[in-house]
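Nothing in this text is a laboratory measurement; each read-out follows from the coordinates by a stated rule. Computed from a predicted structure; not experimentally measured. A quick note on method: Cβ atoms are made from the backbone with ideal geometry, for glycine too, and the neighbour counts reach across all protein chains shown.
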Ligand code: FDP
């Protein structure tokens, strides 16, 4: 993976950091198989109950990142502040260690999401400043999808080694939809109407309840849209700008798609605080702009 990353324009430091992250994710893949799916007895910064696996995935990533000489700071969906790692570090790494972890005990796919910024502060910045982003899908197979700003590339974990599988890009024309937060249809007639249109136009539903596998579906099939809109009682939805939406938006844009909050690109939203959430419409450009007009 190191050589591949350097050939694709990553600096030596960035390539080493991503390789370290890929080792951590191989460890998380193993932990998913061997760790209890029960609760940890603690809550994260959003007040959500943590599973033992959430805590373990967080610890695995944190330990690997602390051992990497290029990491300045770490931000995690599970923590309320950045962890300062070293003054001479070059990168801040933000991550959601185990997105969709409640799906593990029913044996559905879950994921890790990571974004990488240069520098050690994130406030006032935008996700467009990420120098790399990746996600890992822990499903029947474990795959890692990454960008360092030169397209989107997929690797497969085989016997603890990440094997290059190929490039992912949008360009398909099959109509898939993944409608998150369907509860919003109770408060939003426009969302209800859009979902009805998708059904009448015979779009294919592909929604698992895990953002990572649902967006991975769009990237692998080459088309589709994932929606998680807000509603009057929760105007910004619930998905996190830094830890979930920002990295996924960079990957989608690099694959030829787009991501919007309904008004502006996810990649152009200024970070005001680490726990910031945002509505998201992400996938094929034409589907994202259709959803943005329908939900404006
Ligand atoms: P989860 O809360 O289970 O971790 O980021 C959170 C997330 O999963 C996404 O992976 C998923 O798309 C979304 O929440 C599902 O939310 P709803 O339960 O509100 O549908």
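Rounded to the nearest 10 degrees, the inclination of helix 211-221 to the longest alpha-carbon principal axis of the chain is 80 degrees. Based on the alpha-carbon gyration tensor of the stretch 176-294 and its eigenvalue square roots a ≥ b ≥ c, which shape applies: rounded if a/c is under 1.5, prolate if not and a/b is larger than b/c, or oblate? The shape class here is oblate. Diffusion coefficient (Stokes-Einstein, Kirkwood radius over C-alpha pairs, 4 °C, 1.567 mPa s) for the stretch 2-168: 80 µm²/s, rounded to a whole number. Measuring from a point 7 Å past the Cα of residue 2 along Cα-to-C-beta, which residues in the stretch 119-148 have an amide N at less than 19 Å? From the stretch 119-148, the list is 148. Restricting the calculation to Cα atoms, the chain yields a radius of gyration followed by a Dmax of 18.0, 56 Å. Maximal additional length on extending the residue 128-residue 265 stretch stands at 48.4 nm, based on 0.36 nm per residue less the C-alpha distance. Residues 22, 169, 293, 120 in ascending order of nearby Cβ atoms (within 10 Å, fewest first): 293, 169, 120, 22. A full extension of the chain between residue 201 and residue 275 corresponds to an added length of 22.9 nm, given 0.36 nm per residue minus the alpha carbon distance. Suppose R0 equals 35 Å; then what is the FRET efficiency for residue 106 and residue 13 from their Cβ-Cβ distance, rounded to the nearest 0.05? Efficiency computed from Cβ-Cβ geometry: 0.35.
Within the stretch 209-240, name every residue whose backbone N is under 18 Å away from a label modeled 7 Å from Cα of residue 190 along the Cβ vector. Residues passing the 18 Å test: 226-238. By other beta-carbon atoms within 10 Å, ranking 275, 147 with the fewest at the front produces 275, 147.
Fewest-first ordering of 165, 201, 77 by other beta carbons within 10 Å of each residue's beta carbon gives 201, 165, 77.
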